[in-house]
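What follows is a short report on a single structure.
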Amino acid sequence: MWGRALKQRRALYSNGAHHVPGGHIAITRSISVPIIHQDELIGIFAVANRENDYEKDDVRHVKAISDFVAPVLHARLQRDRVDAERRKADEAVKLANKKLGLMSAVTRHDGLNQLSLIQGYAQVAREMSKDSKMTSYLDKMILSGGVDERSAGIHSNLSIYRFH
């Protein structure tokens, strides 16, 4: 009967025996009242098995409770939806941050590898150079890499990409 109450979007009651699935408690009488908020079906009140028959006045009381509860239940359901969406968004942000961290680490690592290679070649070229002007340029090039404490070069700039 509660299914019909939902489909018809109206209160129903019965004082006769109900067909129930095996293992279900017997239902001899019942009232089913859909909970509707702003024309949206959001739940149902179902009461059953009173000792004496239900009457229209009983249905009216359950309907009044349904009308009273509807905005509160609607607000709660909305809050639960927003909370679920927020949790989903938080998980998406965490995943994006994890991917960003991995990308940052790989980019930093690759950049530092290339820098080390360039600095190595620059140091070899400096050792082989007999031209003082060229040696001066190579010194600047080596220092701009920032692998020692005398400079704040590329190496130290790449360190800001460490993901925390």
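For region 1-79, which GluC sites (Glu not before Pro) are in a loop by DSSP, counting at most 13 other Cβ atoms within 10 Å? Within region 1-79, the qualifying GluC sites (Glu not before Pro) (loop, at most 13 other Cβ atoms within 10 Å) are GLU51, GLU55. Principal-axis analysis of the Cα atoms of the chain puts helix 132-144 at an angle of about 20° to the longest axis.
Magnitude of the charge dipole for region 2-84, about its Cα centre and with charges confined to Cβ atoms of Lys, Arg (+1) and Asp, Glu (-1), is about 200 debye. Extension gain for ASN113-ALA84 works out to 6.1 nm (0.36 nm per residue, less the C-alpha to C-alpha distance).
Less than 5 angstrom separates the built amide H of PHE45 from those of VAL33, ILE35, all sequence-distant by 5 or more or on a different chain. In the chain, a dipole from Cβ-located charges (positive for Lys and Arg, negative for Asp and Glu) runs towards its positive end, and of ILE36, LEU73, ILE25 it is ILE36 whose Cα lies farthest in that direction. The structure shown yields Cα extents along the principal axes in Å, and of the options [x] 42, 38, 25; [y] 112, 34, 24; [z] 60, 31, 16 that calculated value carries the label [y]. If you fit an axis through the alpha-carbon atoms of helix 56-128 and take the longest principal axis of the Cα set of the chain, what angle between them do you get, 0 to 90°, nearest 10? So the helix axis and the longest Cα principal axis differ by about 10 degrees. Each Lys and Arg adds +1 at its Cβ and each Asp and Glu adds -1 at its Cβ; summed about the Cα centre, the chain shows a dipole of about 220 debye. To the nearest 0.05, what FRET efficiency results for ALA26 and HIS61 with a Förster distance of 25 Å applied to their C-beta separation? Given R0 = 25 Å and the Cβ-Cβ separation, E is 0.55. Its DSSP H runs of at least 4 residues, each contributing -39,500 (n - 2.57), put the calculated 222 nm mean residue ellipticity of the chain at -21000 deg cm²/dmol, to the nearest 500.
Within region 27-50, list the residues whose amide N lies under 16 Å from a label point set 7 Å along Cα→Cβ of HIS18. Counting backbone N atoms under 16 Å from the label point, the list is 27-35, 43-50. On the basis of the beta-carbon distance and an R0 of 41 Å, ILE44 and LEU100 show a calculated FRET efficiency of 0.35.
Every read-out reported here was derived from the displayed coordinates using simple, explicitly stated rules and does not represent laboratory data. Worth saying up front: this structure is predicted, and the values here are computed from it rather than measured. Using ideal geometry, Cβ is built from the backbone for each residue, glycine included, and neighbour counts are taken over all protein chains shown.
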